[in-house]
Each structure stands twice: as structure tokens, then as C-alpha cells.
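The values are calculated or read from the model by the stated rules, or taken from the named source; none is laboratory data. Note that the structure is a prediction, hence the values are computed from the model and not measured. Here Cβ is always computed from backbone atoms with ideal geometry, including for glycine, and neighbour counts include all displayed protein chains.
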Amino acid sequence: MDRRTKARELAVQAICQLDVQGEQVLPLLPRFFRENSEDELVIQLAEQWTQGTWTHWRQCEEEIAAAAEKWNVSRLSMVDRNILRLGVYQLLFCPDIPEKVAINEAIELAKKYGGVQSPRFVNGVLDAVYRRKKESGTVSHVQQ
């Protein structure tokens, strides 16, 4: 498995933990990452992406809500919701990740961990986020 893919998997798992338990889990995440990988790059990326998603949680939620107009974010499956949060974070705040890669990686996570309709749904939402930002000229990747 690709190192960045493994880091994304760990980040989504950590983001799910944050979704359920809130910020009290933040101090435990480095241990979680180390228990699940010995690769320093994987650990570093998982920590960076998890922290970035947490820092921009509200903005990610707003982007998902705007793109998934007929869906209440809180009613999405936990897996889909958190894959989307990471995907939106990477689209908006990770200039080193090409947009198509961020979307494709999120779709792959949805195929692996989500339901039957998850890949299509994740693709639709992230594509809408990307198109809205591109059309408004605000795809301004701000490095985290």
C-alpha cells in the first residue's frame, strides 16, 4: 500500500474518533498513529492531515453542506462524513496534493470503508466543492 494512502486511512480513522469524542482525543492521536504504523512519513502525514482537518472542521462542514444540498451533514454515515472532511481539507488546504488525487483517494477510501453508494456520493460532493471553488476563483490553497 502506498504510504500516503496508508496515512489517509489513519487520518480518516482519527477524524472519526474526533467526530465521536471531540478534542479530548487529540492528545491520544500520536500514540494511535505509532501503534498503527512504524513509517515516519505515514505518521507525519496522518498527524498533519488530521490536525488540519480538525483546525478547519467548520469550514469543511460548510463546504460539504453547500455541495450536498439535500443532505444534512450530521445524517451522513460517519465514514462518508469523515472521508468528505478529509477530502475537503485536502482540496482546500494542501497545495502539494493535486485536486484530482485528493478526490480519487477519497473515492478509494469510500470504496474500501463505505457503503455501496459511498464512492459515487463522495465523488459527487468533492467534485461539487472543487467546481464551486474553481468557478469562484477561490481555489486558493493555503498551506497548513
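Are any residues in the stretch 70-88 outside any helix (DSSP H, G or I), surrounded by fewer than 17 Cβ atoms within 10 Å (Cβ to Cβ) and either among the aliphatic types (A, V, I, L, M) or in contact with a helix residue (DSSP H, G or I) (Cβ under 9 Å, 6 or more places away or on another chain) (or both), and if so, which ones?
Of all residues in the stretch 70-88, those outside any helix (DSSP H, G or I) come to 70-72, 76-77.
Next, only the ones that are surrounded by fewer than 17 Cβ atoms within 10 Å (Cβ to Cβ) stay: 70-72, 77.
71, 72, 77 - these are the residues of the stretch 70-88 that are outside any helix (DSSP H, G or I), surrounded by fewer than 17 Cβ atoms within 10 Å (Cβ to Cβ) and either among the aliphatic types (A, V, I, L, M) or in contact with a helix residue (DSSP H, G or I) (Cβ under 9 Å, 6 or more places away or on another chain) (or both).
Do you know which of the residues in the stretch 31-54 that are more than 18 Å from the chain's Cα centre (by Cα) and farther than 11 Å from residue 3 by Cβ is surrounded by the most Cβ atoms within 10 Å (Cβ to Cβ)?
36
Considering only residues that are surrounded by 12 or more Cβ atoms within 10 Å (Cβ to Cβ), within 19 Å of residue 78 (Cα to Cα) and of a type outside the set (Asp, Glu), which ones fall in the stretch 18-30?
18, 25, 26, 29 - these are the residues of the stretch 18-30 that are surrounded by 12 or more Cβ atoms within 10 Å (Cβ to Cβ), within 19 Å of residue 78 (Cα to Cα) and of a type outside the set (Asp, Glu).
What is the number of the single condition among (1) on the phi > 0 side of the Ramachandran plot; (2) touching a residue at least 60 places away in the same chain (Cβ under 8 Å) that residue 22 does not meet?
(2)
Are any residues in the stretch 55-67 surrounded by fewer than 14 Cβ atoms within 10 Å (Cβ to Cβ) and touching a residue at least 60 places away in the same chain (Cβ under 8 Å), and if so, which ones?
Passing the criteria: 55, 66.
If you go through the stretch 128-144, how many residues are surrounded by fewer than 16 Cβ atoms within 10 Å (Cβ to Cβ) and either closer than 18 Å to residue 70 by Cα or at pLDDT 95 or above (or both)?
Residues flagged as surrounded by fewer than 16 Cβ atoms within 10 Å (Cβ to Cβ) and either closer than 18 Å to residue 70 by Cα or at pLDDT 95 or above (or both) within the stretch 128-144 amount to 2.
Restricting to the stretch 89-117, name every residue that is buried (at least 18 other Cβ atoms within 10 Å of the Cβ), of a type in the set (Asp, Glu) and under 17 Å from residue 13 (Cβ atoms).
105
Exactly one condition in (1) of a type outside the set (Asp, Glu); (2) under 12 Å from the mean Cα position of the chain (by Cα); (3) in a loop (DSSP other than H, G, I, E, B) is not met by residue 122; state its number.
Checking residue 122 against (1) of a type outside the set (Asp, Glu); (2) under 12 Å from the mean Cα position of the chain (by Cα); (3) in a loop (DSSP other than H, G, I, E, B), the one that fails is (3).
Criterion first (assigned to a helix (DSSP H, G or I), over 16 Å from the mean Cα position of the chain (by Cα) and at pLDDT 95 or above) does residue 59 satisfy it?
Details: assigned to a helix (DSSP H, G or I): yes; over 16 Å from the mean Cα position of the chain (by Cα): no; at pLDDT 95 or above: yes.
In short, no.
Looking at the structure I just gave you, is residue 69 under 15 Å from the mean Cα position of the chain (by Cα) and on the phi < 0 side of the Ramachandran plot? Let's see the steps before the verdict.
Working: under 15 Å from the mean Cα position of the chain (by Cα): no; on the phi < 0 side of the Ramachandran plot: yes.
Here the answer is no, as residue 69 does not meet what is asked.
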